[in-house]
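The values are calculated or read from the model by the stated rules, or taken from the named source; none is laboratory data. Keep in mind that this is a model prediction, so the values were computed, not measured. Cβ: placed from backbone, ideal geometry, glycine included. Neighbour counts: every protein chain shown.
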Amino acid sequence: MRTGGEPLTVLQCKFSAYLSWSQPFIHQLVTELGRHVENVVVCNRVENLDRFPVPRLVRFPVRYTTEPRLALLAAAHLERSYAPDLIHAHFGWSGLRMLLMKQYLRIPMVVTFGGRDLGVQAAMPQFDRLYRVLFDAADQMICVSEDLRQEALSFGADPERVTVIRRGTNLERFATVDRSGRDPKAPLRTLMVGRLIEKKGHRYAFQALADLAARGRDVRLDVVGEGEDFHRLRRTARELGLKDRVQFVGTTDHEGVRARMEAADVLIHVSVMGSDGDKEGIPNVVVEGQATGLPVVATRHGGIVEVVRHEETGFLVEERDSEGLAASLERLLDRDTRQRMGASAAAFVRAELDMKRQVERYVALYEKLVAECGRDTARMRRHFIPDDFTALVDETLRVRSELSIAELSERLVKGRSFDAGFAQAEAQPGLLERSYDLKRHVPQAVKFPAKMLLGRVLLGAIALRKRLDRSGGVEDPEELDRRVAHFFEEGGSLDVDGEDWGVVDDLLHWHPEERR
């Protein structure tokens, strides 16, 4: 805590958007942390704010997190407006976006890793050097599973700065449901919740249902979510004769998921290692489902094995084992077996995965880091940004799969002034953001093919613009970036009330006609 008992101010950073429909667990955590600290959500655009409202929000165009001269303005805005004590980046790519901010603000940074960031991104040649910078810069790295912690250590992360805090859930919101009065002869109602992508293993669940149907077993499945594989999975369900047994219900909010869980008998979460190496940390839906008393049938994959106890709270099968999945579901046709496992699942979550304990650990960590870093001024003034940082960031543009359409659009239509109008941006989203928000009204049958095509078009347009900028005689701002980087490399700091700020202000004193 600050002197005088004031709560810490924490920048809760989630890039690109706060917040995708598939990440309610982040909002749940940030909301609970808000009982103990002053949160300021930092992102480059908003999404679903009606579902995930926040009291304090800052939106920076992506350039203001990747280009030194603009990041300096963003950092000055944060310092003047909020005087933050700590950065908490949610996922590795959010940590990458906050590297310059940490350098300029001289405050500690916590990074929570959740799965794809360590499983895929960190190993990509376009990202690996940036992740090494992040591992060096982060004051504490949190992994949501022991499996991910081992992944971080394999990349050379300092074991002293890597710990595990598993994802918990709000036990008041996901309370245990009494399912004892259900008709034992009714069809078994199963549920899958997650993006429609390869990693989630939907097609193996469909095959298991088809096998059970062939043996006269009546099992129904509701599929909550959307994603790139929607057309493929719908076609697979038809080909397997499951048109009347599998229902695609699209996306919903937290309360909608809760209602689906209440109606279900079993939760299925059969993740597999993606062809690109993508894997799960700990899927929050598995924790939430067990909290309501649902037995879970899941795969031995990533951190799932740490939160599902085989033959106690559910069943674990090998990846892509549709026969094993079918056998497990057949055992759960027995209502007494479901009741016994569901009760064990709810008790396990109450004992081990209560979000209140997770929040207590985060708050204790925040306070410890702020106290330590306040005493260790040399540690906070250390320079860790490499000379070719901007070039490393530009290299990531080659990997379309890791960039959102919104970020690509921002890069293409970037403004010509340094003044981002942060106060106005916080109060009202811009035209680009409002246009992007229309995606929620586009059917997923159209949305994802259009997204893939648009991504390729935007990447091509960005590359063309770069070539034109270099040959068109526009004044190059890279010299100013070098001057700003040198200032901090030599030990300068962002002190808006002291002498150093005058030096930084001089570095940014360009005439309007020179601004790009």
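From 69, 35, 59, grab the single residue that is assigned by TED's automatic domain parsing to the domain that holds residue 373, closer than 29 Å to residue 377 by Cβ and not polar (S, T, N, Q). Break it down into steps so the answer makes sense when it comes.
Details: 35 fails: closer than 29 Å to residue 377 by Cβ; 59 fails: closer than 29 Å to residue 377 by Cβ.
Unique residue meeting the criteria: 69.
Within the group 304, 385, which residue is on the phi < 0 side of the Ramachandran plot and in contact (Cβ under 8 Å) with a residue 60 or more places away in the chain? Break it down stepwise before answering.
Numbers: 304 fails: in contact (Cβ under 8 Å) with a residue 60 or more places away in the chain.
The conditions single out 385.
Which of the following residues is among the charged types (D, E, K, R), at pLDDT 95 or above, part of a loop (DSSP other than H, G, I, E, B) and closer than 26 Å to residue 308 by Cα: 195, 182, 217?
Numbers: 195 fails: at pLDDT 95 or above; 182 fails: at pLDDT 95 or above.
Just a single option satisfies the conditions, and that option is 217.
Going by the conditions given, is residue 164 touching a Cys at 6+ places or on another chain (Cβ under 6 Å) and either assigned by TED's automatic domain parsing to the domain that holds residue 335 or among the β-branched types (Val, Ile, Thr) (or both)?
Values: touching a Cys at 6+ places or on another chain (Cβ under 6 Å): yes; either assigned by TED's automatic domain parsing to the domain that holds residue 335 or among the β-branched types (Val, Ile, Thr) (or both): yes.
Yes.
In the list 82, 64, which residue meets the criterion of being in the same structural domain as residue 367 (by TED's automatic domain parsing), surrounded by fewer than 23 Cβ atoms within 10 Å (Cβ to Cβ) and of a type in the set (Phe, Trp, Tyr)?
82
Can you work out which of the residues in region 253-270 that are in contact with a strand residue (DSSP E or B) (Cβ under 6 Å, 6 or more places away or on another chain) and assigned to a loop (DSSP other than H, G, I, E, B) is nearest to residue 313 (Cα to Cα)?
Out of the qualifying residues, it is 265.
Hey, residue 154 hits all of (1) small (Gly, Ala, Ser); (2) surrounded by fewer than 24 Cβ atoms within 10 Å (Cβ to Cβ); (3) within 18 Å of the chain's Cα centre (by Cα) but one; which does it fall short on?
Only one criterion in (1) small (Gly, Ala, Ser); (2) surrounded by fewer than 24 Cβ atoms within 10 Å (Cβ to Cβ); (3) within 18 Å of the chain's Cα centre (by Cα) is unmet by residue 154, namely (3).
Only one of these is among the basic types (Lys, Arg) and under 27 Å from residue 84 (Cβ atoms): 381, 331. Name it.
On the way: 331 fails: under 27 Å from residue 84 (Cβ atoms).
The match here is 381.
Need at least 2 residues that are buried (at least 17 other Cβ atoms within 10 Å of the Cβ) per element, so show me which helices (runs of 4 or more DSSP H) inside region 314-380 make the cut, counting only ones lying wholly within it. Working first, answer last.
Details: elements: 322-331, 335-352, 355-375, 377-380.
By residue number, 322-331, 335-352, 355-375.
Has region 19-41 got any residue that is of a type in the set (Val, Ile, Thr), in a helix (DSSP H, G or I) and touching a His at 6+ places or on another chain (Cβ under 6 Å)?
Our first condition is that a residue be of a type in the set (Val, Ile, Thr); within region 19-41, this holds for 26, 30-31, 37, 40-41.
Checking the rest, the ones that are also in a helix (DSSP H, G or I) come to 26, 30-31.
So of that shortlist, the ones also touching a His at 6+ places or on another chain (Cβ under 6 Å) come out as 26.
So far as region 19-41 goes, yes, one or more of its residues are of a type in the set (Val, Ile, Thr), in a helix (DSSP H, G or I) and touching a His at 6+ places or on another chain (Cβ under 6 Å).
Which of the residues belonging to region 57-76 are part of a helix (DSSP H, G or I) and either modelled with pLDDT of 90 or more or not aromatic (Phe, Trp, Tyr) (or both)?
Taking region 57-76 as the starting set, the residues that turn out to be part of a helix (DSSP H, G or I) are 63-66, 68-76.
Selection gives 63, 65, 66, 68, 69, 70, 71, 72, 73, 74, 75, 76.
Residue under question is residue 94, and the condition is that it be closer than 30 Å to residue 391 by Cβ and either small (Gly, Ala, Ser) or not assigned by TED's automatic domain parsing to the domain that holds residue 410 (or both); does it hold? Spell out how you get there, then give the answer.
Values: closer than 30 Å to residue 391 by Cβ: yes; either small (Gly, Ala, Ser) or not assigned by TED's automatic domain parsing to the domain that holds residue 410 (or both): yes.
Against the criterion (closer than 30 Å to residue 391 by Cβ and either small (Gly, Ala, Ser) or not assigned by TED's automatic domain parsing to the domain that holds residue 410 (or both)), residue 94 qualifies.
So, in region 77-130, how many residues would count as being touching a Lys or Arg at 6+ places or on another chain (Cβ under 8 Å), of a type in the set (Ser, Thr, Tyr) and at pLDDT 95 or above?
1
Just to be sure before I move on: is residue 23 of a type in the set (S, T, N, Q), out of contact with any Lys or Arg (no Cβ under 7 Å at 6 or more places or on another chain), closer than 25 Å to residue 364 by Cβ and at pLDDT below 95 in the structure I sent?
Details: of a type in the set (S, T, N, Q): yes; out of contact with any Lys or Arg (no Cβ under 7 Å at 6 or more places or on another chain): yes; closer than 25 Å to residue 364 by Cβ: yes; at pLDDT below 95: yes.
Yes: the conditions hold for residue 23.
Can you tell me which residue in region 180-194 is nearest to residue 22 (Cα to Cα), limited to those that are of a type outside the set (A, V, I, L, M) and surrounded by 18 or more Cβ atoms within 10 Å (Cβ to Cβ)?
Our first condition is that a residue be of a type outside the set (A, V, I, L, M); within region 180-194, this holds for 180-185, 187, 189-190, 194.
Right, trim to surrounded by 18 or more Cβ atoms within 10 Å (Cβ to Cβ) and you get 190, 194.
Working: 190: 19, 194: 7 Å.
Within region 180-194, the match that is nearest to residue 22 (Cα to Cα) is 194.
Could you count how many residues in region 274-315 are among the basic types (Lys, Arg) and within 22 Å of the chain's Cα centre (by Cα)? It would help to see each step written out before you state the result.
Going residue by residue through region 274-315, those that are among the basic types (Lys, Arg) are 279, 300, 309.
Filter once more, keeping what is within 22 Å of the chain's Cα centre (by Cα): 279.
Total satisfying the criteria: 1.
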